[in-house]
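First comes the structure, then the notes that go with it.
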Amino acid sequence: MVNRFIRDEKDNSIKHQYQNYSDNKTDHSSENIIITPWEVHGDFEDENYSKLIEKFGTQHISLDLINKIKKITGEVHPLIKFRYFFSHRDLDWILNKYENGEQFYLYTGRGPSGLVHMGHLLPWIFTKYLQEKFNSKLIFQITDDEKFLYNMNFDRNRIKNYVLENILDVIAIGFNPELTKIIVDTEHIKSLYPIAIEIAKKITFSTAKSVFGFNNMTNIGMIGFPPIQAAPCFLPTVLENKPTPVLIPAAIDQDPYWRITRDVAEKLGYYKPAQIHSKFLPGLSNLTKMSSSKPETAIFTTDEPEVVRKKVMSSFTGGQPTVELQKKLGANPDICPVFWYLKYFFDTEKKSIERFYRCRSGNLLCGECKNELANESVIFIKDFKKRREKARDKIAEFMFESR
Ligand code: TRP
């Protein structure tokens, strides 16, 4: 097996492609995995997530660690149990700190490149849970600069509109307003900039190129951006005026940022930020990350109920071509987005396990699952939309105040 990095010098898009070329021709699953903060393609099966752990040098969430979480919080969140959060760095360290009486901050974010869909919500739902369990303050960064710089055909107004819409989604998640501050980069840059230049000074272009895949065609705004996303890792220390641990719940594609942040942290006198990494929630069409650029495969928080239903009912599944074959051979829940959505959002653990076996044995047909998912999603989105509307009056309360 040969791993190669491939750069696309032709256009301004940044490709840092991690491709596996396998001698085994039948192993399609590991071909063509591409992961950068700006681009994710590939078939994300468990095997490939394990490869990412190796590739990125992160850690599996071990049983010991799960037991430690249980000891502290009294339970294990299903998203950890189901391994949606599957990898980490220094989670054990930050839990030790907590046990020794040191509170940690949470830090997560959103790149406002479009409307929010269900795939985005899982890490935020989990972050809210952590906030409740650990009584943590949360910094939520909105990288409007990043998305402006990356998308060549986006103007500032388009981004501004997404910023506002996305903030409504963030607030609708139900974060505690007293503990949560939203940072919009272009608005709150004053608080980030002094930290960002400290970081920037310690990172060479050579490192940035190899970590992010920048090349000579990359615009220089993008090249200068990573320290802006790194800065909130250290902001808590500045705000609290003492070394403050930070835990970042985020999808694994954001990891390059944390690698460079961790490299410079100690040199600058900060703790390294800890991370807990999630998988991607695939679209309803196939196994790749749910993408806002394929609107027919994503359930947006702004979708009308009929649209939600229609998207779910026309979803890709792990089913057989005919009912007869399915009854005879069973279907494959491992590759089925309908199964995953039910599992991560709606099923209890018990129900999900039962669904898995009924599906595999051919006793469950795809129509039934799709129907259940459509019903649940319609209820979920309806409720979420109400909370989104209420959020309009709460924006000021949630915004970070520069000082
Ligand atoms: N770059 C992220 C995105 O494109 C947004 C982001 C900023 C973020 N800070 C973060 C995501 C911290 C997770 C954690 O979506």
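Observations on the model:
- Helical content alone sets the calculated 222 nm signal of the chain at -14000 deg cm²/dmol, taking -39,500 (n - 2.57) per DSSP H segment of four or more residues and averaging over every residue.
- Cα-based shape type of the stretch 189-279, given that a ≥ b ≥ c are square roots of the gyration tensor eigenvalues and the cut on a/c is 1.5: oblate
- Legend: Rg and Dmax of the stretch 295-390, from Cα coordinates, 14.1, 49 Å.
- Shape analysis of the stretch 132-236 places it in the oblate category; the axes a ≥ b ≥ c from the Cα gyration tensor give an a/c of at least 1.5, with a/b not above b/c.
- Efficiency of FRET from Cβ geometry, Leu63 and Met217, R₀ 35 Å, rounded to 0.05: 0.15
- Positive end of the dipole of the chain (Cβ unit charges, origin at the Cα centre): among Leu168, Cys366, Ala331, the Cα lying farthest that way belongs to Leu168.
- What you get for the stretch 295-390, charging only the Cβ of Lys and Arg (+1) and of Asp and Glu (-1), is a dipole of about 160 debye around the Cα centre.
- For the stretch 110-169 versus the stretch 328-398, the spacing of their alpha-carbon centroids is 22 Å.
- Computed about the Cα centre, the dipole magnitude for the chain is approximately 300 debye when only Lys and Arg (+1) and Asp and Glu (-1) carry charge, each at its Cβ.
- Each peptide among 271-284, 138-151, 84-97, 192-205 gets the average number of other Cβ atoms lying within 10 Å of its residues, and from highest to lowest they stand as 271-284, 138-151, 84-97, 192-205.
- Tensor-based shape of the stretch 140-194 (alpha-carbon gyration tensor, a/c under 1.5 rounded, otherwise prolate or oblate): oblate
- At an R0 of 41 angstrom, the distance between the Cβ atoms of Lys267 and Arg83 translates into a FRET efficiency of 0.75.
- For Glu401, solvent-accessible area (1.4 Å; no DNA, RNA or ligand), Å²: 140 Å²
- Farthest positive-ward along the chain dipole, Cα basis, beta-carbon charges - from Val184, Phe134, Ala231: Phe134
- Extension reserve of the Tyr193-Lys350 stretch, reckoned as 0.36 nm per residue once the Cα distance is removed: 51.7 nm
- Translational diffusion of the chain was estimated from the Stokes-Einstein equation, with Rh taken as the Kirkwood radius over Cα pairs; at 20 °C and 1.002 mPa s the coefficient is 97 µm²/s.
- Charges were assigned to the Cβ only: +1 to each Lys and Arg, -1 to each Asp and Glu. The resulting dipole of the stretch 97-178 about its Cα centre is roughly 100 debye.
- Accessible surface, 1.4 Å probe, highest first, among residues Met313, Met222, Met217: Met217, Met313, Met222
- The simple Förster model, with R0 at 56 Å and r as the Cβ-Cβ distance, assigns Leu164 and Lys328 a FRET efficiency of 0.60.
The values are calculated or read from the model by the stated rules, or taken from the named source; none is laboratory data. Treat the numbers as computed from the prediction; the structure is a model and nothing was measured. Cβ sites come from the backbone with ideal geometry, for glycine too, and all protein chains shown count toward neighbours. Quick note on the areas: whole protein, heavy atoms, side chains included, nothing else; ligands and nucleic acids left out. Shrake-Rupley method; radii C 1.70, N 1.55, O 1.52, S 1.80 Å.
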